[in-house]
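Student: Sharing a structure below in C-alpha cells format, with a few things to ask.
All of the numbers you see were taken from the coordinates with simple rules; none came from a lab. Note that the structure is a prediction, hence the values are computed from the model and not measured. Positions of Cβ are backbone-derived with ideal geometry, glycine not excepted, and every protein chain shown enters the neighbour counts.
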Amino acid sequence: MNWLEIANVAVVAFGVLGLVLAQITRTRKGRITASSIGLAGQPFWFVLAFSYESVGMILTVVIYTFAWAIGLITAIQEKKQ
C-alpha cells in the first residue's frame with residue numbers, strides 16, 4: 001500500500017468518524033473528541049490536495065482545518081459540565 005492509498009483510507013476514516021461524532025455528541029468531551037479526530041485527518045487531506053495539485057481542494061482543506069480548530073478551541077474553553 002503506497003502513501004496515497006494510506007491517505008485515502010485515513011481521509012475516509014477520520015472524516016466520517018469526526019463528522020458522525022460531531023453530530024451525535026452533546027457533551028464537551030464528545031465535542032473535543034470529534035474536533036480532535038477531524039483535525040487528525042487534515043494532514044492526510046493536505047497530502048492528497050498537494051499530490052493532485054488542486055488549488056480548490058487545498059483551499060477547502062485550509063477552511064476545514066480552521067473549522068475543526070475553532071470547534072476544538074471552543075469545546076476546550078467551555079466550562080466543564
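Student: Kindly establish whether T60 is polar (S, T, N, Q), in a helix (DSSP H, G or I) and over 14 Å from the mean Cα position of the chain (by Cα).
Tutor: no
Student: Same structure again: Just checking, how many residues over segment 15-33 are closer than 15 Å to A67 by Cα and among the β-branched types (V, I, T)?
Tutor: 2
Student: Of all residues in segment 4-31 being in contact with a Gly (Cβ under 9 Å, 6 or more places away or on another chain) and in contact (Cβ under 8 Å) with a residue 24 or more places away in the chain, which is surrounded by the fewest Cβ atoms within 10 Å (Cβ to Cβ)?
Tutor: Residue satisfying both the conditions and the ranking: A13.
Student: In this structure, is V47 in a helix (DSSP H, G or I) and either surrounded by 13 or more Cβ atoms within 10 Å (Cβ to Cβ) or in contact with a Cys (Cβ under 6 Å, 6 or more places away or on another chain) (or both)?
Tutor: Yes.
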